[in-house]
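Let me begin by presenting the structure, written as structure tokens, before commenting on it.
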Amino acid sequence: MEVSGHGGSRVRVRLAPSPTGFVHIGNVLVALVDAAIARKFNGAFVIRIEDTDQKRFLEGAEQLIYDSLAWLGIEWQEGPDRGGPFAPYRQSERLPRYLEVAEQLVAQGDAYRCWCSPERLDEMRKAQQAAKLPPKYDRLCLGKSETERQAFGGYTERSVVRLRMPDTGHTTFTDPIRGEMSFENALLDDRVLLKSDGFPTYNLAVVVDDHEMEITHAIRGEEWLPSTPAHLRVYEALDWTPPVIAHTPLLLNADRGKISKRKHPWANMRWFQDEGFLPEAVLNYLGNLIAFVPDAENPQQGVARELFGFAEISEHFQLGSIGPSGKVVDLDRLDWLNGQYIRRMALDELARRVGPFMTAAGLDTGNPIFMGALALEQERLKRLSEAPSVLSIFFREEAYAPEALVPKGVTPEVARQMLDGAISVCEGVAATGEWTAETLEAPFRDLAIALDLTTGKQRGQLFGVVRVASTGRTATPPLFDTMAILGAETILKRLAHARLLLAGLGV
RNA sequence: GGCGCGUUCGUCUAGCGGCCUAGGACACCUCCCUCUCAAGGAGGAGACCACGGGUUCGAAUCCCGUACGCGCUACCA
């Protein structure tokens, strides 16, 4: 039914990005839908570059698209980068074909030349809006030769080609995601198909390319919904069979507005990578928006499996099951997913992924205690980018306020006693040559008893003093593990320094 | 202004006429564990299924209005 057929031919989908800047996260969502459907039906996923806008073209933007998809592990089978049976895959390389089709449409009377100046069109639209009329071209040029048209105002020499929409009736189609869609033809605009520079607009190029590349399912963002009737009109005028056309939901901000790059850096796909999200977490997150994966181990109704990869996404994917409403991007959930993947990851793999972030922060991952320290932080990390700040205590002593050495409910004198006790315990353990979490913990517990600290809270105060003295922080991995990793020499040095700081407080 | 689409806990989502006094997840709160921070475990709060009409023995589920939100409204995609 919904995706099996298009004359029984093999499923072919395409992503049609324009190389005009960074890769928008919304495009990535569409790409995932494309890849999932292609995989599910053993079809082909094609990347086609829509570079018909010469003004907005940006060098390098095309490569960003490949990089983003590759980073996420989304695979495509045909594209400008790897060729394929329907080359070329860049629209700028197919110009003659668009011209040919445009001329055919004009010859048939389904399209017409228009010499109206941008100024005239602008005034026209303003007047229409003021008069509360539907905004659409008033067809001044329709049925006129260039000479005839020159007699009227707002003429320019360079013409465009406009699609002639029907005057009556409705254009209806079935969007597998949204159901029956219907538009009243009389209210639709005669859109430009061919620009005065000889380049097609998206509205022409998309139809020609989808047809010639034998695309069976045209999947795109909801923002394209209003232009679908025009595309269908072109298919009809050319006597071509249109693909199934589906419009995916938009990605929104917390305020339910369209995601904007100014206020929301995560509009840019690259942000996720820079921010330390794992590609598998991002893919999982987006997958949650387009597929429901039931929990096999908990087969009650409505219980979902939360962690899954591309295989599960494509297996459970159905166009008709995508919710059509806009999706608010929930970074809290992404953080949680990311943490889940980080915790499940092998330590050396995590070390590899965290490497660039450490290096960028000037921390040497060749340091012998790096792996041990990372192991302690693994279950505490949400984003890879947090690694340098939490791991830096293992690499260097950091400044802290002397007052931090005095826990709440403890006098400076008592804090000093605690620290003095800690120093002698550490000296004792260091002397044995057996400096481990285990050999440290027992004597520290004895110290607590010796200082008459019997409750958990009191022990916490003692350990708190030692924690700050050892790391400069109040929140760290378990104290004795941390001390063991740092080593006797470093700890004794830091404790001695802490003692000096306390002395500075008058104790 | 015109057109179109959308509307189940704050967010994502299950639900596709009776199993729903609406299930799960994130976030939030409490407790347990505990040397801090996490992680983990156990609970909790949170949705009159936008509102109003129908259809039906029966509606979150079907239909129609209304409201609100969003998108489009370029010789950009």
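Which value, in Å², gives the accessible area per residue of the stretch A:41-186 when a 1.4 Å probe is used on the protein heavy atoms?
Dividing the accessible area of the stretch A:41-186 by its residue count gives 54 Å².
Which one, A:V33, A:P265, A:I74, projects farthest toward the positive side of the charge dipole computed for chain A from Cβ point charges (K/R +1, D/E -1)?
A:P265
So how strong a dipole does the stretch A:187-327 carry about its Cα centre when Lys and Arg Cβ are +1 and Asp and Glu Cβ are -1, to the nearest 20 debye?
660
Quick one: putting +1 on the C-beta of Lys and Arg, -1 on the C-beta of Asp and Glu, what dipole do you get for chain A around its Cα centre, in Debye to the nearest 20?
Roughly 1020 debye, rounded to the nearest 20.
Report Rg (one decimal) and Dmax (nearest whole number) for chain A, counting Cα atoms only, units Å.
Using the Cα atoms of chain A, the pair Rg, Dmax is 32.4, 107 Å.
How high is the relative contact order of the stretch A:349-389, given as a whole-number percent (alpha carbon pairs under 8 Å, six or more residues apart)?
54
Using modelled amide H (1.01 Å from N, peptide plane; none on Pro or chain starts), what sits under 5 Å from the amide H of A:V328, excluding residues fewer than 5 places away?
Close amide H contacts, sequence-distant or interchain: A:L252.
What lysines sit close enough to A:K457 to cross-link, taking a C-alpha to C-alpha distance under 19 Å and skipping anything fewer than 8 places away on the same chain?
A:K408
If you plug each phi of the stretch A:329-340 into the Karplus form 6.51 cos²θ - 1.76 cosθ + 1.60 with θ = phi - 60°, what whole-Hz ³J(HN,Hα) values come out, in order, with x for Gly and Pro?
Once rounded to whole Hz, the list reads 6, 10, 5, 4, 5, 4, 4, 4, 4, 4, x, 4.
Heavy-atom accessible area per residue, the stretch A:349-389, 1.4 Å probe: how many Å²?
46
Only four residue types carry charge here, +1 at the Cβ of Lys and Arg and -1 at the Cβ of Asp and Glu. Report the dipole size of the stretch A:402-503 about the Cα centre in Debye, rounded to the nearest 20. Don't jump to the answer; show the numbers that get you there.
On the way: 10 positive and 11 negative charges, 82 e Å.
Its charge dipole is roughly 400 debye.
For the stretch A:341-352, take each phi angle, set θ = phi - 60°, evaluate the Karplus expression 6.51 cos²θ - 1.76 cosθ + 1.60, and give the result in whole Hz per residue in order, putting x for glycine and proline.
Result, rounded to whole Hz: 5, 4, 5, 7, 7, 4, 4, 5, 5, 4, 4, 4.
For chain A, what does the helix formula give at 222 nm: sum of -39500 (n - 2.57) over DSSP H segments with n ≥ 4, over the residue count, nearest 500 deg cm²/dmol?
On the way: 19 runs with 224 residues, N = 507.
Dividing the helical sum by the residues of chain A leaves -13500 deg cm²/dmol.
If you check each cysteine of chain A for another cysteine whose beta-carbon is under 4.7 Å away, which ones come up empty?
Here A:C116, A:C426 come out as lacking a disulfide-compatible partner, given the Cβ-Cβ threshold of under 4.7 Å.
Whose amide H sits under 5 Å from the amide H of A:G221, counting only residues 5 or more places off or on another chain, with H placed in the peptide plane?
Result for A:G221 returns A:T248.
Identify the trypsin sites (Lys or Arg not before Pro) of the stretch A:1-98 meeting these criteria: DSSP loop state and at most 16 other C-beta atoms within 10 Å of the C-beta.
Counting only loop positions with at most 16 other Cβ atoms within 10 Å, the trypsin sites (Lys or Arg not before Pro) in the stretch A:1-98 are A:R10, A:K55, A:R56, A:R82.
Which listed residue (A:S470, A:L381, A:T20) has the Cα farthest towards the positive end of the charge dipole for chain A, taking +1 on Lys and Arg C-beta and -1 on Asp and Glu C-beta about the Cα centre?
A:T20
Just add up the charged neighbours of A:V101: K/R +1, D/E -1, any other residue whose Cβ is under 11 Å from the Cβ of A:V101.
Values: positive: A:R94, A:R97; negative: A:E100, A:E103, A:D110, A:D209, A:E212.
Net local charge, A:V101 excluded: -3.
Run through the stretch A:218-312 and list the trypsin sites (Lys or Arg not before Pro) located in a DSSP loop whose Cβ has at most 11 other Cβ atoms within 10 Å.
A:R256, A:R262, A:K263
Show me, for the stretch A:21-38, the HN-Hα J-couplings you get by feeding each phi into the Karplus relation (A = 6.51, B = -1.76, C = 1.60, θ = phi - 60°), rounded to Hz, glycine and proline as x.
x, 5, 8, 7, 4, x, 5, 5, 4, 5, 4, 5, 4, 4, 5, 5, 5, 5
Can you tell me the length gained on complete extension of the stretch A:K132 to A:E75, counting 0.36 nm per residue apart and subtracting the Cα distance? Please report the intermediate quantities before stating the final value.
Values: separation 57, 0.36 × 57 = 20.52 nm, distance 4.76 nm.
Computed gain between A:K132 and A:E75 is 15.8 nm.
Using only Cα atoms, locate the centre of the stretch A:14-34 and the centre of the stretch A:128-145, then give the distance between them in Å, rounded to an integer.
34
Distance from the Cα centre of the stretch A:398-469 to that of the stretch A:294-311, in angstrom?
Here the answer is 47 Å between Cα centres.
Calculate, in nm to one decimal, what A:L250 and A:S424 gain on full extension: separation in residues at 0.36 nm each, minus their alpha carbon distance.
The A:L250-A:S424 span can extend by a further 56.4 nm.
Between A:L15 and residues 5 or more places away or on another chain, which pairs have amide H atoms under 5 Å apart, with H built 1.01 Å from N, and which residues are they?
Hits under the 5 Å cutoff: A:V46, A:I47, A:R48.
Over chain A, what is the mean sequence separation of C-alpha contacts under 8 Å (at least six apart), divided by residue count, expressed as relative contact order in percent?
On the way: 731 pairs, mean separation 62.9, N = 507.
Reported relative contact order: 12 percent.
With a point put 7 Å past each Cα toward its Cβ, work out how far A:A361 is from A:T455 in nm, to one decimal.
3.6
Could you tell me the relative contact order of the stretch A:402-503? Use alpha-carbon pairs under 8 Å, at least six residues apart, and round to a whole percent. Display every interim value, and only then the final one.
Working: 90 pairs, mean separation 41.5, N = 102.
It comes to 41 percent, rounded to a whole number.
The values are calculated or read from the model by the stated rules, or taken from the named source; none is laboratory data. Bear in mind the structure is a predicted one, so any value in this text is a computation, not a measurement. All Cβ positions, even for glycine, are placed from backbone atoms using ideal geometry, and neighbour counts span all protein chains on display. With ligands, DNA and RNA removed, areas are computed over all heavy atoms of the protein, side chains included. Shrake-Rupley method; radii C 1.70, N 1.55, O 1.52, S 1.80 Å.
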